[in-house]
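A.B. asks: My questions all concern the structure below.
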Amino acid sequence: MPALLDFARAVRDGLSKPGRRELPSMYLYDEIGTALFEAITLLPEYGLTRADERLLRQYAPALLEHLPPPVVVVELGSGNGRKTRWLLEALARREAVVYFPVDTSPSALANCRKELSGMGGLSIVGLEASYLEGLREVASRRRSGQTLLVLFLGSTVGNFDRPAAEHFLREIRQCLTPGDALLLGTDLEKPVADMLLAYDDPAGVTAAFNLNLLARINRELGGDFALRNFAHEVRYNDRERRIEMHLRSTTRQTVTIRAADFTCRLEEGETIWTEACHKYRTDEIPGMARRTGYLCEAQWVDGEWPFAENLWLAAPDSIAAS
Ligand code: AVI
């Protein structure tokens, strides 16, 4: 069970630094975490997903004008397919479409297939794989003359720190050929109070999403976290321009995680950092594109919730390598 061993190792490594305890955010998304995230996307305080969907709905035809047929679509993180539908429908009106959702979660792929099944002119080939494994697989199957359109929506890029995000965008570029495209969704900076509320909603859905990480450690690794002894905490880090989610220990306590062969003492007030959500400015996006081997071809910004859809084209290899 290598996945469980990796999880146990990540938990032990992340919790073993007093004063700097953290848990990797990828482990927030087990089946329960994924369902809680789905609920977050419906919250009135969390406008991000609705903005993403509005932009795709409104600008899909304009976006496709930049992409010569035939287009093959790969989505990194399939989600539930709801917002991608707008783009796929617009494309299917023009040509027969092959769509590769890539996700490590079989249930996410199944939901996506359910949401999109029945759309005329669309073939869905789900790939249960990491983002890059999936993308490499699609790139290896491409036929000459096809344009690859990679979707990385929902501001998932914001969950990487900025250098790691650029590294990842460069890795995507290495799977592409000039003229291929990346559609990148980025949540934009907005008043701090709005950002804090988006991640600390009054109904407590985001708190449950955050606490579920400890519950998951209890379920899968034999941990004994008492969830009532932790509080969801959200901060805005002005210098890094990101929301940070933490879990604060509300008492002095000892926690044991059997499968990680690990015990730690948490002080009252000590926090465990669980997720970072970076926010962007529209004018920094073209520079990010250039530094990672693309040209920013177009950008669309939502009028209600500051969020941008950025269409990048893979730059000629001579430019991308420099
Ligand atoms: C998945 N990701 C883009 C979400 C975000 O806003 O960074 C994750 C999330 N965490 C709490 N609320 C939403």
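A.B. asks: Out of the trypsin sites (Lys or Arg not before Pro) in segment 126-224, which ones are loop residues according to DSSP with at most 13 other C-beta atoms within 10 Å? Walk me through the intermediate numbers first.
C.D. replies: On the way: sites: Arg136, Arg141, Arg142, Arg143, Arg170, Arg173, Arg216, Arg219; in loops: Arg142, Arg143.
Hits after loop and neighbour filter: Arg143.
A.B. asks: Would you list which lysines come within 30 Å of Lys114, measuring only between C-alpha atoms, while excluding same-chain residues fewer than 8 positions from it?
C.D. replies: Cross-link targets: Lys83.
A.B. asks: What trypsin sites (Lys or Arg not before Pro) in segment 1-35 are in a loop by DSSP, with at most 13 other Cβ atoms within 10 Å of the Cβ? If you can, show how the numbers build up before the last one.
C.D. replies: Numbers: sites: Arg9, Arg12, Arg20, Arg21; in loops: Arg20.
Hits after loop and neighbour filter: Arg20.
A.B. asks: Starting from a Cα-only point model with no solvent, please compute log10 I(q)/I(0) by Debye for segment 203-254 at q = 0.18, 0.24, 0.31 1/Å.
C.D. replies: -0.65, -0.94, -1.18
A.B. asks: Would you order Tyr27, Tyr294 from fewest to most other beta-carbon atoms within 10 Å of each residue's own beta-carbon?
C.D. replies: The order, fewest Cβ neighbours first, is Tyr27, Tyr294.
A.B. asks: On to the next question. Only four residue types carry charge here, +1 at the Cβ of Lys and Arg and -1 at the Cβ of Asp and Glu. Report the dipole size of segment 221-322 about the Cα centre in Debye, rounded to the nearest 20.
C.D. replies: Numbers: 13 positive and 17 negative charges, 64 e Å.
Here segment 221-322 has a charge dipole of around 300 debye.
A.B. asks: Moving to a separate point now. Tell me, what is the percent relative contact order of segment 1-127, built from C-alpha pairs under 8 Å that lie six or more residues apart? Mind dumping the intermediate values first?
C.D. replies: Values: 125 pairs, mean separation 23.9, N = 127.
Relative CO of segment 1-127 lands at 19 percent.
A.B. asks: Using the Cα centre of segment 274-322 as the reference point, and only Cβ charges (+1 on K/R, -1 on D/E), how large is the resulting charge dipole? Debye, rounded to the nearest 20.
C.D. replies: Working: 4 positive and 8 negative charges, 48 e Å.
Charge dipole of segment 274-322: 220 debye, to the nearest 20.
A.B. asks: Need one number: convex hull volume per residue for segment 113-227, Cα atoms only, in Å³.
C.D. replies: With only Cα atoms used, segment 113-227 gives 199 Å³ per residue.
A.B. asks: If you line up the Cα atoms of segment 158-302 on their principal axes, what length do they span on each, largest first, in Å?
C.D. replies: Principal-axis extents of segment 158-302 (Cα, largest first): 54, 35, 25 Å.
A.B. asks: Still on this structure, please answer the following. Explain nothing, just the number: dipole magnitude of the chain about its Cα centre with +1 on each Lys and Arg Cβ and -1 on each Asp and Glu Cβ, in debye rounded to the nearest 20. Could the numbers behind the result be given before it?
C.D. replies: Numbers: 38 positive and 45 negative charges, 78 e Å.
Charge dipole, the chain, about its Cα centre: 380 debye, nearest 20.
A.B. asks: Do you know the relative contact order of segment 203-246, to the nearest whole percent, from alpha carbon pairs under 8 angstrom that are 6+ apart? Let's see the in-between values first.
C.D. replies: Details: 32 pairs, mean separation 13.7, N = 44.
Relative contact order for segment 203-246 comes out at 31 percent.
A.B. asks: Here's a follow-up. Just to confirm a number: summing +1 for Lys and Arg and -1 for Asp and Glu over residues other than Pro316 whose beta-carbon lies under 14 angstrom from that of Pro316, what do you get?
C.D. replies: Numbers: positive: Arg173, Arg290; negative: Asp180, Glu297, Asp317.
In short, -1.
A.B. asks: With an 8 Å cut-off on Cα pairs and a minimum separation of 6 or more residues, tell me the relative contact order of segment 125-241 in percent.
C.D. replies: Relative contact order, segment 125-241: 23 percent.
A.B. asks: Counting C-alpha atoms alone, how compact is the chain: give Rg to one decimal and Dmax as a whole number, in angstrom.
C.D. replies: 20.3, 62
A.B. asks: For segment 9-103, compute the orientation-averaged projected area of the C-alpha convex hull (one quarter of its surface), in nm². Don't skip to the end; give the middle numbers.
C.D. replies: Working: hull surface 35.0 nm².
The Cα convex hull of segment 9-103, projected and averaged over all directions, gives 8.8 nm².
The numbers here are math on the coordinates, done by the rules we state, and not lab data. Note that this is a predicted model, so its numbers are computed, not measured. All Cβ positions, glycine included, derive from the backbone under ideal geometry; neighbour counts span all protein chains shown.
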